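Below: one structure, written as structure tokens.
The values are calculated or read from the model by the stated rules, or taken from the named source; none is laboratory data. None of these values were measured; they are calculated from a predicted model. Here Cβ is always computed from backbone atoms with ideal geometry, including for glycine, and neighbour counts include all displayed protein chains. All accessible areas refer to the heavy atoms of the entire protein, side chains included, with ligands and DNA or RNA removed. Shrake-Rupley method; radii C 1.70, N 1.55, O 1.52, S 1.80 Å.
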Amino acid sequence: MKIIATDRKGVEHVIEGTDGWTVMEAMRDAGLPIAAECGGACACATCHVYVDEEWFGKLKPPSPEELDMLDMAVAVESNSRLSCQLRCEPEFDGIRVTIAPE
Ligand code: FES
């Protein structure tokens, strides 16, 4: 699946996400500046992204753990998610995300 990820400079990157992996892993492997300090364990919030409104409502709801971590993240918006909790699946082909400020 394709992921369209906008970095903190506003540059759009079209990257490939492998089914079953996470959006965070796809961005990290593509060399985008996503810290993902906990490696995807839902314990750091440094993989925070904003999901385009068009896609946000199609995602599975966040787990209580993800909501707890988002509570501690900075610059949280109504469309904030942790990209390590977003799994690449064919139905999300073309999803647009923007990397949140550090
Ligand atoms: Fe740490 Fe997502 S990588 S919460």
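Under 18 Å between alpha carbons, and skipping anything fewer than 8 positions from residue 9 in its own chain: which aspartates and glutamates qualify?
Cross-link targets: 52, 102.
Answer with one residue from 20, 42, 1: the one whose Cα lies farthest towards the positive end of the charge dipole of the chain, charges on Cβ with Lys, Arg +1 and Asp, Glu -1.
Of the candidates, 1 comes out farthest on the positive side.
Can you give the accessible area per residue of the chain, in Å², using a 1.4 Å probe?
Averaged over the residues of the chain, the accessible area is 53 Å².
Taking a cut-off of 19 Å between Cα atoms, list the aspartates and glutamates near residue 58, but don't count ones fewer than 8 places away on the same chain.
Within reach: 19, 66, 77, 89, 91, 93.
How big is the dipole moment of segment 2-99 about its Cα centre under a simple scheme where the beta carbon of each Lys and Arg is +1, that of each Asp and Glu is -1, and everything else is neutral? Debye, nearest 20, please.
Details: 9 positive and 18 negative charges, 34 e Å.
Using only the charged Cβ atoms, the result is roughly 160 debye.
In Å and whole numbers, how far do the C-alpha atoms of the chain stretch along each principal axis, longest first?
29, 27, 24
Could you check how much of the accessible area of segment 2-99 is carbon and sulfur, as a whole percent, using a 1.4 Å probe?
Carbon and sulfur: 52 percent of the exposed surface of segment 2-99.
Could you work out how far apart the two model spin labels at residue 2 and residue 59 are, taking each label as a point 7 Å from the Cα in the direction of the beta carbon, and quote it in nm?
For the pair residue 2/residue 59, the computed spacing is 2.0 nm.
Could I have the simple spin-label model distance between residue 77 and residue 19, label points 7 Å from Cα toward Cβ, reported in nm to one decimal?
Spacing of the two 7 Å Cα→Cβ label points: 3.1 nm.
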